[in-house]
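Throughout, read-outs are computed from the coordinates displayed, never taken from laboratory work. Quick caveat: nothing in here was measured; it's all calculated off a predicted structure. With ideal geometry, Cβ positions are generated from the backbone for all residues, glycine too; neighbour counts draw on all protein chains shown.
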Amino acid sequence: MAEKHVPAAPRLRFESQRQFIQQRAQELLARVDQMEDEELRWTVRVFADCLPAQKRTENLGAYSEYWPVEELRRFVSTFIQHYTSLALEELNDKQGKQESSLAGLTEEELQSMSVAEKWQLLAKDPRGLGPDQLRRELARLFMCKSFNLFHDSGLSEAAVEFPAYHRVREALEKQPNSIVEDLTRMILLRARRLGVEAPEEVEAALGEIRDAISRALTILVPADRLFAGQMVRLPLDPADEIPQSDGQRVEAVSDGASTEDTATTLLVFADLMSVREWDEYLLPFRRQYRSLAHIPPADLRVLLARLAGKMGDRRITDFAERYRSGRMMAERKMDPSVWEILSPADRLAILERDNRTMDLVQSVRHLAKIFFSFRYETLFDAGFHTDLLRSPRYQDLVKRLIDQFAAGPRREIKGRPLEELAQTVTRMMLQIETMPPEARPAGLQEVRALIAAALGLPDDLTYPAGREGRA
């Protein structure tokens with residue numbers, strides 16, 4: 001069979017793309033071991049967004065953004081190789097197709113184009129994209145809250161950073177093709193208005209389109225929250241929640257707040273962090289200033305804005321809520337409705353995995369917070385645990401335990417490994433949640449006594465005259 005003739009320009013285009021895809025894979029694989037959590041997750045999101053829903057599911061498998069960084073690195077190394085093979089395969093399939101048509105463009109080319117350009121092409125060729133592609137383009141269009149974003153060639157790639165995009169895309173992927181086709185026709189009827197140069201007319205049409213998509217999906221995401229929660233771990237908990245923007249969250253604790261209030265906010269954020277996160281987000285400030293307490297107000301506001309997005313939906317009471325509703329401390333948080341139907345054995349397995357994923361500091365805080373919860377009700381009292389952070393007894397205990405466990409090669413105290421103690425406490429705390437409400441306080445006291453005996457805590461700390469926190 002004679003070789004099919006391919007014009008020089010298209011051949012050059014495909015060869016250039018092939019070389020780029022191959023070289024990119026080599027460069028990424030060479031530095032995966034240096035990537036941190038956020039870059040690893042972003043890499044997966046950008047590539048996964050170029051895959052149809054079924055292929056995305058097949059290639060992601062059990063992948064979770066809540067995995068520890070080392071596990072993420074192992075997955076990303078394999079995923080890059082699999083994705084590269086798929087991208088090269090798609091490139092081969094596109095050869096011979098009309099370059100200027102939508103059908104001739106690869107998923108990566110679509111991702112790199114402005115939303116305006118793609119919908120202009122769709123107006124000329126309404127059948128140019130398949131159902132999976134249309135779902136992604138509808139979700140990308142949903143993110144266009146302004147004229148400039150509509151014409152921004154970087155929006156489609158940047159959209160993967162935000163929960164709103166994933167929420168809309170996933171909702172569209174659950175809809176029948178008929179709904180997608182109806183939405184596409186509705187948008188194409190507005191093609192003329194979208195093609196004008198008057199920003200106000202384009203933005204009015206974009207607002208109508210966003211409202212129509214919202215009604216079809218029964219999803220409401222206000223325009224000012226489309227770009228909230230940049231790179232927070234997905235899926236969110238609860239699944240339909242869109243976090244406030246960094247600015248909104250910090251305004252809630254910073255605007256008009258006293259210096260003491262902002263300092264407390266920073267203290268809470270620090271308590272929610274893993275060691276790696278503390279080193280990444282706070283250590284540079286600790287080195288720059290004498291202490292975190294000496295960060296100037298303007299710099300503190302910027303820092304709080306960043307941390308508000310990074311911490312996502314973590315709560316200071318997650319250490320206790322994990323037993324009641326599956327809000328893990330280190331692993332992916334469970335949907336409460338899913339947690340409710342799990343068997344006790346399944347719940348315990350998930351909790352024990354969360355224990356293994358915690359670093360030393362998170363493990364110690366978990367035990368210390370349970371120990372200082374003198375009454376069962378205070379386990380879930382966010383105000384109590386916020387005040388507890390300022391307690392010298394709490395801070396001293398956490399520091400002492402970290403120093404003691406970190407000093408030994410086997411992470412044990414009094415001959416008992418930390419992991420063993422954490423697992424025993426976990427089993428007892430999970431059992432407490434199955435008890436009648438009137439029996440839970442006594443169950444908690446048994447756990448506290450166990451922790452005290454295992455850690456060699458003095459009686460005056462176990463039964464202090466004055467309660468810590470807001471007891």
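In terms of the mean number of neighbouring beta-carbon atoms within 10 Å, the peptides 19-27, 181-189 order highest first as 181-189, 19-27. Between their Cα atoms, which of 333/369; 118/174; 310/399; 94/124; 94/145 are more than 27 Å away from each other? Beyond 27 Å: 94/145. In terms of its alpha-carbon gyration tensor, region 298-448 comes out rounded; the largest-to-smallest axis ratio a/c stays below the 1.5 threshold.
Once the C-beta distance of residue 20 and residue 377 is scaled by a Förster radius of 56 Å, the resulting FRET efficiency is 0.40 to the nearest 0.05.
Is there a quick way to get the dipole size of the chain? I mean about its Cα centre, with the Cβ of Lys and Arg at +1 and of Asp and Glu at -1; what is the value in debye to the nearest 20?
Working: 66 positive and 75 negative charges, 91 e Å.
Here the size comes out at about 440 debye.
Percent of C-alpha pairs per 5 Å bin in region 8-93, short distances first: 3, 13, 25, 23, 17, 10, 5, 3, 1, 0.
Descending by average beta-carbon neighbour count within 10 Å, the peptides 228-234, 294-300 line up as 228-234, 294-300, the highest first.
Each residue of region 57-72 was assigned a 3J(HN,Hα) from its phi angle through the Karplus curve 6.51 cos²θ - 1.76 cosθ + 1.60 (θ = phi - 60°); the sequence is 4, 4, 7, 7, x, 8, 3, 9, 5, 8, 5, x, 4, 5, 5, 4 Hz, with glycine and proline shown as x. Derived scalar couplings between HN and Hα for region 324-331 equal 8, 9, x, 7, 5, 8, 10, 7 Hz in order, rounded to whole Hz, by the Karplus curve 6.51 cos²θ - 1.76 cosθ + 1.60 (θ = phi - 60°), x for Gly and Pro.
Assuming a ≥ b ≥ c are the square roots of the Cα gyration tensor eigenvalues, decide whether region 142-201 counts as rounded (a/c under 1.5), prolate (otherwise, with a/b larger than b/c) or oblate. Because a/c hits 1.5 or more and a/b fails to exceed b/c, region 142-201 counts as oblate. Counting every pair of alpha carbons in the chain, the share spaced more than 34 Å apart comes to 46 percent.
Between region 43-65 and region 16-31, what is the C-alpha centre distance in whole Å? Here the two parts' Cα centres lie 19 Å apart.
Please label the shape of region 111-168 as rounded, prolate or oblate, based on the square roots a ≥ b ≥ c of the eigenvalues of the alpha-carbon gyration tensor (a/c under 1.5 means rounded; beyond that, a/b larger than b/c means prolate, else oblate). Taking the square roots of the gyration eigenvalues as a ≥ b ≥ c, region 111-168 is oblate. The distance linking region 208-230 with region 275-290 is 36 Å (Cα centroid to Cα centroid, whole angstrom).
Counting every alpha-carbon pair across region 48-93, the share separated by more than 14 Å comes to 53%. Listing 396, 37 from fewest to most neighbouring C-beta atoms within 10 Å gives 396, 37.
Over the chain, DSSP H runs of length four or greater, each weighted -39,500 (n - 2.57), average out per residue to a 222 nm ellipticity of -19500 deg cm²/dmol.
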